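Down below is the structure, laid out as structure tokens.
The values are calculated or read from the model by the stated rules, or taken from the named source; none is laboratory data. Keep in mind it's a predicted model, so treat the numbers as computed, not measured. Please note: Cβ atoms are built from the backbone with ideal geometry, for glycine as well, and neighbour counts cover all protein chains shown. Surface areas here come from the heavy atoms of the whole protein model, side chains and all, with no ligands, DNA or RNA. Shrake-Rupley method; radii C 1.70, N 1.55, O 1.52, S 1.80 Å.
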Amino acid sequence: MSEASQALQKIARGTGIVFAGTIISMLFGFLSRTIIARYFTTSEYGVFNLALTVLNIALVVVTLGFPNSLPREIAFYKEREPSRVRDLISTALIIVALNSLIWTIVLILEAENISQVFNEERLVYALKIVAFALPFSALTGMIISISRGFRRVREQVYFQNIVYPILWLILVLSLVIFNLPFASIFYVYLLAQSLKFFALFFEVYRIKLFELKFSFDLKLGKELIIFSLPLMFVGILNFLMTWTDTLMLGYYKSSKVVGLYNAASPLARLIPIFLNSAAFLYPPIVSQLYAQGKINEMKRTYQILTKWIFLLTLPIFSVMFLFPEATILFIFGEKYVSAAPALQILALGFMFHTFLGLNGLSLVIIKESNFILISNLISAILNVILNVVLIPIHGIEGAAIATAVSYFVANVLNSWRLYQKTRIHPFSWNYVKPLVISFSFLLFLQSLKLRITSIWYAMLILAVFLLVCFFLVLLSKSIDKEDIELFLAIEKKLGIEIRIIKKILRRFV
């Protein structure tokens, strides 16, 4: 088995586990938010979300981009200089711990000024409480990023995706049961974050994932910060990109229009769910290949993984693109159906982001963090300009176009840079064929202008569409040897023999 196949199987296994954890986390997170929204007033719910928004911005600054750079650095040093991994981890933890304490004090001292920006007095005491959660959140993220560097998903899935959401739901329910006042939710949030950190810390200590050594390597710390700081600014830009369209719709239009747009936007942002799941183990595994100078294996891994992600994402994209009315009607109800065109546009933007693959993380692996910052800055500025031009004329469709075009530009720039530096691109012949087949068939169905409002009819048509695409992909012989090896590995893992699929594959490969 080739090294590319081995890397792909490890990434695929991690992707499946992270995807399952993400779904569980989303489910419990949705339940918790629903309870909070129903139990407290609308304005109190708004204060809670504002406090967490400020905290999340502070978290990006506190962690200095380390969550994105550290998995790459640990994997790279493990291959090249394993003796320095311990110092790298210790240095990173000390930097983030000290930075989190500084920003905790800043948040507490500046709580009144921040509350004036949002014209919300209740935000003062909210920030003064949740600020104490900042070190726990930052160090939890650091431990998880370190575990990623060692190619582990257990810490992310068990503690971040399962234990914490369940704990948070239980604590939120306790507020309702004991009829506690609004301020209690911030103390409960602090309690949940601290318990998650201590549970994760003791687990990591128990299994001896890494040696706790309080040493600080100034040279390593300087190199890590220089590499990571652009990624910190990228995180801030991504945060702004997420909220720019909503804020500008509120400025130019009305809260009703913002509500309509926020029915379409969260749905479209589900499209890269498989891409984001694959992103968890991709950096440490592919960084090892890069450290060994195996660019051809990196390219092969990138191409096959991108094809898998595209095929897995196709059903989610198809239902939103072909049947946006049915999708919104089923989830949000009839009063949000007018957001259907915006959903269709956003779906195209996020699908383009998906089918080009993990170009941004690949640039991180080859230490092109400065270029990622440039491409994201261009994208963010373009997003603002397009929103200013398009929202007054086209409303939520204008905001959707601005977001879709911005993601298109960022991904084209990142893919161009990746190809320029490494000659890596996603377009193998066996990937181009499924792309052409699926998008040709999608455009044909779209040209029929099917006006279906029932999600069940939509699912029936979607099932036929996917079945036809599947057989056309087989007929076009778009199956790679890595696909067969992955199937055989899954078959072996499950302990069953799926003869009919083997028979089909033998005929069309």
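Of the chain, which part is the longest with no chymotrypsin sites (Phe, Trp or Tyr not before Pro) in a loop (DSSP not H, G, I, E, B) and with at most 11 other C-beta atoms within 10 angstrom?
215-509
With just the Cα atoms defining each centre, how far is the stretch 278-309 from the stretch 222-264? Give it in Å.
The stretch 278-309 and the stretch 222-264 have Cα centres separated by 29 Å.
First select every other residue whose beta carbon is under 13 angstrom from the beta carbon of Ala278; then total the charges, Lys and Arg +1, Asp and Glu -1. Numbers along the way, then the final one.
On the way: positive: Lys10, Arg13, Arg148, Lys307; negative: none.
Charge balance near Ala278 sits at +4.
Need the list of lysines near Lys367 for cross-linking: C-alpha distance under 26 angstrom, and skip anything on the same chain fewer than eight residues off.
Lys10, Lys78, Lys219, Lys222, Lys294, Lys299, Lys307, Lys421
Where does the stretch 355-461 land on the Kirkwood hydrodynamic radius, alpha-carbon pairs, in angstrom?
Values: mean 1/r = 0.0604 Å⁻¹.
Result for the stretch 355-461 stands at 16.6 Å.
Which value, in debye to the nearest 20, gives the size of the charge dipole of the chain about its Cα centre, when Lys and Arg are +1 and Asp and Glu are -1 at the Cβ?
1540 debye
Just need log10 I(q)/I(0) for the stretch 219-333 at q = 0.09, 0.21, 0.23, 0.24 Å⁻¹, Debye formula, equal scatterers on the alpha-carbon atoms, no solvent, rounded to two decimals.
-0.42, -1.21, -1.27, -1.29
Quick one: with all protein chains in place, what share of the accessible area of the chain is carbon or sulfur, to the nearest percent (1.4 Å probe)?
Working: 16050 of 23680 Å².
The computed percentage sits at 68.
What Kirkwood hydrodynamic radius do you get for the stretch 280-431 when you take the inverse of the mean 1/r over all pairs of distinct Cα atoms, in Å?
When all Cα pairs of the stretch 280-431 are included, the Kirkwood radius is 16.9 Å.
Write out the trypsin sites (Lys or Arg not before Pro) in the stretch 187-220 meeting two conditions: DSSP loop, and at most 16 other Cβ atoms within 10 Å of their Cβ. Could you put the intermediate results ahead of the total?
Working: sites: Lys196, Arg206, Lys208, Lys213, Lys219; in loops: Lys208, Lys213.
The qualifying sites are Lys208, Lys213.
Please give every one of the lysines within straight-line cross-link reach of Lys335, meaning a C-alpha to C-alpha distance under 16 Å, and leave out same-chain neighbours fewer than 8 residues apart.
Lys335 reaches Lys256.
Along its three principal axes, how long is the stretch 108-171 when you only count alpha carbons? Whole Å, largest extent first please.
Taking max minus min along each principal axis of the Cα atoms, the stretch 108-171 gives 44, 27, 16 Å.
How big is the gap, in Å, between the Cα center of the stretch 426-449 and the Cα center of the stretch 462-476?
Result: 11 Å between the Cα centres.
Tell me, Kirkwood radius of the stretch 268-361 from alpha-carbon pair distances, in Å?
Across the stretch 268-361, the inverse of the average 1/r is 14.6 Å.
In square nanometres, what is the average projected area of the Cα convex hull of the chain?
24.8 nm²
Do any GluC sites (Glu not before Pro) in the stretch 166-266 lie in a DSSP loop with no more than 15 other beta carbon atoms within 10 Å, and if so, which? Provide the component values of the computation, followed by the final result.
Numbers: sites: Glu203, Glu211, Glu223; in loops: Glu211.
The qualifying sites are Glu211.
Please work out the average accessible area per residue across the stretch 217-276, using the 1.4 Å probe convention, and give it in Å².
46 Å²
Taking the simple approach of a point 7 Å from Cα along Cα-to-Cβ for both Arg13 and Arg451, what is their distance in nm?
5.2 nm
Arg33 to Lys367: extension gain in nm, 0.36 nm per residue of separation minus the Cα-Cα distance? Before the final figure, lay out the partial values.
On the way: separation 334, 0.36 × 334 = 120.24 nm, distance 3.82 nm.
That pair, Arg33 and Lys367, stretches by 116.4 nm at full extension.
Using DSSP to call loops (not H, G, I, E or B), can you name the trypsin sites (Lys or Arg not before Pro) in the stretch 353-443 whose Cβ has at most 14 other Cβ atoms within 10 angstrom?
Filter output for the stretch 353-443: Arg423.
Whole Å is fine, so just give me how far the alpha carbon centre of the stretch 313-341 lies from that of the stretch 126-170.
Cα centres, the stretch 313-341 to the stretch 126-170: 33 Å.
On the first, second and third principal axes, largest extent first, how far apart are the outermost C-alpha atoms of the stretch 51-152 in Å?
Over the stretch 51-152, Cα extents along the principal axes are 53, 19, 16 Å.
How far, in nm, would the chain grow between Val436 and Ile479 when pulled straight, counting 0.36 nm per residue and subtracting the alpha carbon separation?
Value of the extension gain: 14.0 nm.
Please give the charge dipole size of the stretch 298-455, origin at the Cα centre, charges +1 on K and R Cβ atoms and -1 on D and E Cβ atoms. Round to the nearest 20 debye.
Taking the Cα centre of the stretch 298-455 as origin, the dipole is about 640 debye.
Using a basic spin-label model with each label point 7 Å from the Cα along Cα→Cβ, how many nm lie between Phe352 and Asn119?
Going from the Phe352 label point to the Asn119 one covers 3.6 nm.
So what does the Cα-only Debye profile of the stretch 100-140 read at q = 0.24, 0.25 Å⁻¹, as log10 I(q)/I(0), no solvent term?
These q points yield log10 I(q)/I(0) values of -0.71, -0.75.
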